[in-house]
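A quick write-up on the structure given underneath.
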Amino acid sequence: MYDFRAIEKKWQDIYAAEEPFRIDLEGAKKPFYNLMMFPYPSASGLHIGNMFSFIGSDVYGRYMKLLGYDVFEPIGFDAFGIHSENYALKTGRHPAELTPESIRFFREEQLKKIGAIYDWRSEVNTSAPEYYRWTQWIFLKLFEAGLAEKRESEVNWCPSCKTVLADEQVIEGQCERCNATIVKKTMSQWFFKITKYADRLLENLEKIDWTEITKNIQKSWIGRSKGTTISFPIESTDEQIEVFTTRADTVFGVTFLTLAPEHPLVERIVQEERREAYQEFLSQVAKMDDATRTSISRSKTGIFTGAYARHPFTNEKIPIWVGDYVLYAYGTGAVMGVPAHDERDFLFAKKYDLTIRKVIACSDDQLPYTEKGEMVHSGEYSGWASERFISQAETLAPFLKSKVQYHLHDWCLSRQRYWGPPIPMLYCENCGTVPVPEKDLPVLLPVTDDYIPDGSGLSPLARHEAFLWATCPVCGGKARRETDVSDNFFDSAWYFLRYVSPDDSKKAFNSERVQKWLPVDMYVGGNEHANLHLMYARFITMALHDIGLLPFEEPFTKFRGHGMIIKDGQKMSKSKGNTVNPNDYFETHGVDTLRTYLMFMGNFLEGGDFRESGLDAVKRFIGRVWDLTALPSGPSSLKAKIKMAETIKRVQFAFENIKYNTGVAALMELVNSLQDEQALEPSLIVDIARLLAPYAPFISEEIHAMYGGKGTILNTRFPTGYDVYLEQALAEIPVQINGKLRGKITIAQNATQEQVMEKVLEDGRLTAYFQGREVKKVIYLQDKIINLILGSM
RNA sequence: GCCGAGGUGGCGGAAUCGGCAGACGCAACGGACUUAAAAUCCGUUGAGGCGUAAGCCUCGUGCGGGUUCAAUUCCCGCCCUCGGCACCA
């Protein structure tokens, strides 16, 4: 009986004492950087989803180590941010006190026990001044490069977290962390200009080996849309209204223009007799929250300004309206109304009785007709195809200009919270906005009990007099500090750079080591971060590259987004009470069993269904592996060696393609087929342990040591040399008659069609099928299949 | 609405380049061991049908067509589920 408790403890202790996975960051010969998304420490511990992710990543790292790579597998803690702070607020304990406790539990009671090949010397903690000093430094670098800017704009405010959030952190109008409904506020905030990189962020996706799903999520978030801007002169002023459209071909169908209610132009053009109605309309719109305003089903309302524009092609008078369905933040904040060929414009025109003019050929009952087609009633362009007009638009008239529009917005970085790195900026009465000099970093987060956010729009740090006032480094006068802290996602946007130089007090990261180890060779994590962490990390890397601090622009050469795990067919949640605590299983089933089961449960990239009955099955499997060591030592049968050769291929395929479940299945098959062996060579048993080592570290180490192996099994090599037995295997060839499987023959490999046919003809059951019929055609694939096509009766 | 991924036994899931569908595991059933149970081990297990039996036949990968000697895999048209985006002009 395999005593997993004793043996796992033994190897956990050896890993802790001997640190066999420490990496020589300077001297490693075959560097391989294997990264996993580091966790947010919270007092509840790592949940099973984190474990699933980390183990899936570690399996890959262990496999690469068996292939002889110097695998650098660091781990750390994303310890700043709303996640940790909200937990602290809920429990009434100070985050500075709670966070180290959580980290200790994660590290000592969880991560050190799972047999992962972490190099603990590289641990980072984003809330440590030694780390966030460099987060602030990177902010300054971006500021110098003109990529950080404080500006007033409409931002997302979470009334429950009492802070602003970035667009990416608002999910369907709700806060990503607490699900509270977001409201729009106009505030002055720090932004990173990620939109300057929109095109490169999009184009580079073609060059990186990432899961398609992840790339697709980023693509649609960036939301590149090519179109045209068209200028309409406003009557009796010298101002213009510029609209953005992807359908310039419908320009002759414009019968009105609509401006967003917030558009500053409205104020200037609204006619006196309409002003009161406009004010009334504006206050109606202001009352709506964003979710209501942008709800697709809501009926569109608007109001006429009393002003007119001139159609740039026809000089026709066009009424200017204000409509709540036009968003100020997208495009130019103004649209041309083409009711015949746009769903919304059509509804709007019907409601307010505006002219509908057909300019794309279609029948009247098809309106609104939104397909492209042949242009009609379009002056000299009548008869043109939509595509032709759109692609040539810019060359047709001076008031048409090509424009590319993005969904991606600049990254709002400010947070009116306590638990984060203070943004290192000063406001001096004489000199204005001044960056904190590098030598004064870090701007320390003050230790205070007065840290609860008040919803005033200012961080709690604004209440902290000792923090607030500083000396202006330019004029020596009095300066006020920026009191907002930066977004948690900024901390994690560069942590993979810090891992290679965790103790460097002179630099954020060491260039030689960056050169040697980065970009990351393999990154594993959840797709929920596709638009958040993964997008931000790409942006920061690109920016640092342009500043000249990094030699590459993409941080993660290969990324695999894993699936979600559910429990007994249902989503796990605290409210349902069906969460899984991984530590429970360390005791009842063992780490090896838990790891192997998590990988066996389903396709790692698609997720899986956690069931205790499956865990029991894997425990039995681990027991059967152990029982192999009880067999007498002696020559293995040819059958066993052939099976071993096949298994090695299948297991290797599974690792390479992240189909871990099929690798476990292949090993189970192997162990099942060895059950009736009389004896096995020790080398074969150790080779089985090598195949198993990425999944189940401890039993593998123990078997390796039992047969005299020194050090960790991962320093030996992935099994080879069994292919010779494969050649001796017989081929089993399915025999089809008229495409239907009718039997099988067994024959030496590489047999000719004649040899196979000879065997077929010896088999009375097969020949019975073609009594009295000629074999018209034979399709034979060597060692694969034979198909006999018979003539008719 | 648009974009993407997927749909395979009672269940989780396999099938690498168009070539034996259902590997591996769960559950279920039958058996061995046991005073009994648990644990463990062995066997059966897609559906329907034929046969005393060895065995055999038909159907079967969301639905409907097609290409092919051969389709879970390729093509066309639908349905459904999940993920992303969404009054985006």
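For the range A:103-153, taking Cα atoms only, Rg and Dmax work out to 17.2, 50 Å respectively. Calculated from the alpha-carbon coordinates, the range A:582-725 shows an Rg and a Dmax of 14.7, 45 Å respectively. Working value for the range A:239-310: equivalent-ellipsoid semi-axes of 22, 19, 10 Å, each the square root of 5 times a Cα gyration tensor eigenvalue, largest first. In the range A:177-224, one over the average inverse separation of all distinct C-alpha pairs is 13.4 Å, which is the Kirkwood hydrodynamic radius. Centre-to-centre separation between the Cα atoms of the range A:1-65 and those of the range A:155-231: 34 Å. Were the residues from residue A:727 through residue A:616 laid out at 0.36 nm apart, the gain over their Cα-Cα distance would be 36.3 nm. Running Debye on the range A:604-668 with equal point scatterers at the Cα sites and no solvent, what base-10 log of I(q)/I(0) appears at q = 0.23, 0.26 Å⁻¹? The Cα Debye sum returns log10 ratios of -1.11, -1.18. The residues neighbouring residue A:381, those whose beta-carbon lies less than 13 Å from its own, together hold a net charge of -3 under the Lys/Arg +1, Asp/Glu -1 convention. With N counted as the residues of the range A:488-557, its alpha-carbon radius of gyration over 2.2 N^0.38 Å works out to 1.06. Give me log10 I(q)/I(0) at q = 0.12, 0.13, 0.24, 0.29 Å⁻¹ for the range A:388-443, Debye formula, one equal scatterer per alpha-carbon, no solvent. With one equal scatterer per Cα and no solvent, log10 I(q)/I(0) is -0.60, -0.62, -1.07, -1.12.
Between residue A:394 and residue A:242, the FRET efficiency estimated from the beta carbon spacing at R0 = 22 angstrom works out to 0.95. In this Cβ point-charge picture (+1 for Lys and Arg, -1 for Asp and Glu), the range A:1-115 has a dipole of about 220 debye about its Cα centre. Give the distance, in whole Å, between the Cα centre of the range A:272-332 and the Cα centre of the range A:489-565. When both Cα centres are located, 44 Å separates them. Could you state, as a whole-number percent, how many of the C-alpha pairs of chain A are farther apart than 46 Å? Counting pairs separated by more than 46 Å, the tail of P(r) holds 42 percent. Partners of residue A:30 within straight-line reach, counting lysines whose Cα lies under 21 Å from its Cα and excluding those fewer than 8 residues away in the same chain: A:65, A:516, A:558.
All other residues whose Cβ lies under 15 angstrom from that of residue A:714 are scored, Lys and Arg at +1 and Asp and Glu at -1, for a net of -2.
In a simple Cβ point-charge model (Lys, Arg +1; Asp, Glu -1; nothing else charged), chain A has a dipole of about 920 debye relative to its Cα centre. Counting only the Cα atoms, the range A:450-582 fills a convex hull of 220 Å³ per residue. With both labels modelled 7 Å from their Cα along Cα-to-Cβ, the residue A:603 to residue A:292 distance reads 4.4 nm.
Eigenvalues of the alpha-carbon gyration tensor of the range A:225-405, scaled by 5 and square-rooted, set the equivalent ellipsoid semi-axes at 26, 18, 15 angstrom, largest first. Compared with the direct C-alpha span, the chain from residue A:736 to residue A:717 gains 2.6 nm at full extension, assuming 0.36 nm per residue.
Translational diffusion coefficient of the range A:729-790 (Stokes-Einstein, Kirkwood radius from Cα pairs, 20 °C, 1.002 mPa s): 187 µm²/s.
Full extension of the chain between residue A:431 and residue A:22 yields a length gain of 142.3 nm, computed as 0.36 nm times the residue separation minus the alpha carbon distance.
Spin-label model, residue A:220 to residue A:94: label points 7 Å out along the Cα-to-beta-carbon direction sit 4.6 nm apart. With the largest listed first and rounded to whole Å, the semi-axes of the equivalent ellipsoid of the range A:689-793 from the Cα gyration tensor are 48, 13, 11. Sorting A:422-435, A:202-215 by average packing, meaning the other beta carbons within 10 Å per residue, from highest down gives A:422-435, A:202-215. Once both labels are positioned 7 Å from their Cα atoms along Cα-to-Cβ, the gap between residue A:576 and residue A:13 label points is 4.1 nm.
Assuming R0 = 22 Å, can you tell me the calculated FRET efficiency for the pair residue A:121 and residue A:507, based on Cβ-Cβ distance, to the nearest 0.05? That gives a FRET efficiency of 0.80. Each 5 Å bin from zero holds the following percent of Cα-Cα pairs in the range A:49-145: 3, 11, 16, 18, 17, 15, 11, 7, 2, 0.
Computed over every Cα-Cα pair of the range A:176-263 and binned at 10 Å starting from 0, the pair-distance distribution P(r) comes out as 11, 25, 30, 26, 7, 1 percent. In chain A, the DSSP-assigned H stretches of four residues or longer account for a calculated mean residue ellipticity at 222 nm of -10000 deg cm²/dmol, using -39500 (n - 2.57) per stretch and the full residue count as denominator. Here's the list of lysines a cross-link from residue A:196 could span, going by alpha-carbon distance under 17 Å and ignoring same-chain residues fewer than 8 apart: A:141, A:150, A:219, A:226, A:403. Cβ-Cβ distance of residue A:546 and residue A:285, R₀ of 35 Å, FRET efficiency by 1/(1 + (r/R0)^6): the value works out to about 0.30. Across the range A:523-606, the fraction of Cα-Cα pairs farther apart than 23 Å, rounded to a whole number, is 45%. For residue A:565, the residues whose modelled amide H falls within less than 5 Å of its own, excluding neighbours fewer than 5 places apart on the same chain, are A:608.
If you sort the three axes of the alpha carbon gyration tensor as a ≥ b ≥ c, you get a/c of 1.5 or more for the range A:467-528 and a/b no higher than b/c, which makes it oblate. Within the shell of other residues whose beta carbon sits under 13 angstrom from the beta carbon of residue A:580, the net charge comes to +1, with Lys and Arg scored +1 and Asp and Glu -1.
Laboratory data are not the source of any read-out in this text; all were calculated from the coordinates shown. Because the structure is predicted, anything quoted here is derived from the model rather than measured. Because the Cβ atoms are built from the backbone with ideal geometry, glycine has one as well, and the counts that use them run over all protein chains shown.
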